[in-house]
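To keep things clear, I will list the structure first and then write my remarks on it.
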Amino acid sequence: MKFSLASLAVVALASQSVVASSWFAKAAYNKWHETELERWLSDHDVPYPTASDRKELQDLVKKNWENNVIKPYNSWDVNQLQNYLTSKGYQAKKGAEKSKDSLLSQVQTYWTETADQANDAYTNVQNSIFDTWSESQLKSFLDYHQIPNPSPRTRDSLVSTVRSNYAAAANKIGETAAYPGDWIYQSWSDSDLKAWLDARGIPVPQTGSRDKLIASIRRNAYVSSNRAAASYSSASSQASASASGAAQYLSDALLNSWSDSQIKEWADKNGIKVPQGSKRNELLALARKHSAQLTGDNVSASAASAYGAATSSAGNFFAQQTANVVSQVNYWKDYALNQFGLASAEASKSFASAASVASASASSASSVARVSAASASSVASSSASSAASVASKSLSSGSKAASKSAASASAHIKNEL
């Protein structure tokens with residue numbers, strides 16, 4: 001049987017129609033109450049006749065859904081478009097920073113949210129709407145609705161408790177929960193509402209009325225949740241990378257401070273063969289290749305003991321420098337939680353991992369420092385002052401690198417947030 005091009009085109013269009021019908025059949029707003037349909041239309045400045053029935057309201061929401069939910073950037077101003085690009089790690093094209101058309105084109109290119117993701121978010125609003133709330137706001141919600149606070153009271157447990165009691169809280173006061181009304185922000189002051197908008201670069205309604213402020217938050221809650229999650233994930237990844245970099249800086253600093261004879265001595269003690277006639281760059285490359293064994297040097301205990309003071313000094317310094325990285329990681333983690341209001345357990349694990357890497361760096365650095373001092377003792381004269389001098393050089397070199405690493409880690413994480 002032969003099919004004409006026209007027949008194939010008809011089949012293709014029919015298939016697309018079936019897919020579209022299937023999607024709209026499961027659209028979140030199909031289950032909304034009439035008051036929620038009206039609320040959504042009002043929030044997005046879509047006029048509707050006062051006497052509209054449910055079918056008319058639903059058709060209006062459907063007609064305006066794509067531009068306001070799937071592609072909300074179509075109604076953004078220049079600042080919002082710029083903020084979105086920045087949150088994704090991109091910059092506006094040079095010379096087009098103030099061109100809305102150019103910025104809009106860029107945002108469209110980098111937009112990753114899909115229609116299904118948006119629909120899922122609106123089907124279960126409690127899973128995203130509370131992501132951008134601060135810890136104190138979550139607690140206030142529980143207190144206002146007389147819901148017992150979780151114990152222990154962590155951010156994750158607060159969000160979990162709010163989500164699991166959200167529908168019951170709405171039912172208790174006779175409110176809808178699918179597309180919630182102003183009741184959800186009853187514990188917020190007007191200043192809280194404005195601060196939420198300001199923190200995300202969203203224009204505050206000129207009228208400044210409370211219902212307009214809340215409407216603006218509802219309208220931007222989903223996109224803000226996604227942007228905050230992306231920034232948080234990026235920051236946690238950078239933290240991990242920075243902490244790992246700290247460990248590398250510390251190891252390299254001490255290796256570079258060793259003389260050729262020290263490297264050969266260390267290699268010999270660890271059973272690593274050194275080709276005869278090896279130049280310094282070859283020795284360093286060999287040492288770095290086997291750097292994992294730096295903590296396994298078997299220099300005699302007597303040598304390590306003889307220069308324990310120098311070793312202790314170096315080890316303590318490097319431990320402190322790496323501890324500084326851990327401190328910075330934790331500081332920016334707390335900052336992100338408070339600023340973006342995120343409660344992702346997975347994201348928290350990323351920060352915990354970064355701190356763990358930095359802590360391991362401290363332990364490794366201390367061991368490397370001991371190796372440096374002990375190895376120096378085996379090749380230097382029996383004079384304590386000579387060995388101390390070598391260890392001192394290692395400490396000085398490592399000091400600069402470790403300080404640079406700690407500062408770099410902090411700067412990277414801060415910039416990401």
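Tabulated data for the structure shown
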item	result
Phi to ³J(HN,Hα) by Karplus 6.51 cos²θ - 1.76 cosθ + 1.60 over region 59-72, Hz, x for Gly, Pro	5, 5, 5, 4, 5, 9, 5, 4, 5, 9, 10, 6, 10, x
Over 20 Å between alpha carbons, listed pairs LYS31/LYS71; LYS139/LYS212; LYS62/LYS100; LYS88/LYS212; LYS31/LYS55; LYS172/LYS194	LYS31/LYS71; LYS139/LYS212; LYS62/LYS100; LYS88/LYS212; LYS172/LYS194
At R0 = 30 Å, FRET efficiency that the Cβ-Cβ distance of ILE173 and ALA199 yields, to 0.05	0.60
THR35-ASP59 pseudo-label distance in nm [points 7 Å out on the Cα-to-Cβ vector]	2.6 nm
Net charge contributed by nearby residues that have their C-beta within less than 15 Å of ARG200 (K/R +1, D/E -1)	+1
Most to least packed among 265-272, 218-225 [average Cβ atoms within 10 Å]	218-225, 265-272
Cβ-based net charge around ALA169, under 12 Å, with every Lys or Arg adding one and every Asp or Glu removing one	0
Segment GLN276-HIS290, length gained on full extension (0.36 nm per residue, minus Cα span)	3.3 nm
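Laboratory data are not the source of any read-out in this text; all were calculated from the coordinates shown. Owing to the predicted nature of the structure, the values given are computational and were not obtained by experimental measurement. Using ideal geometry, Cβ is built from the backbone for each residue, glycine included, and neighbour counts are taken over all protein chains shown.
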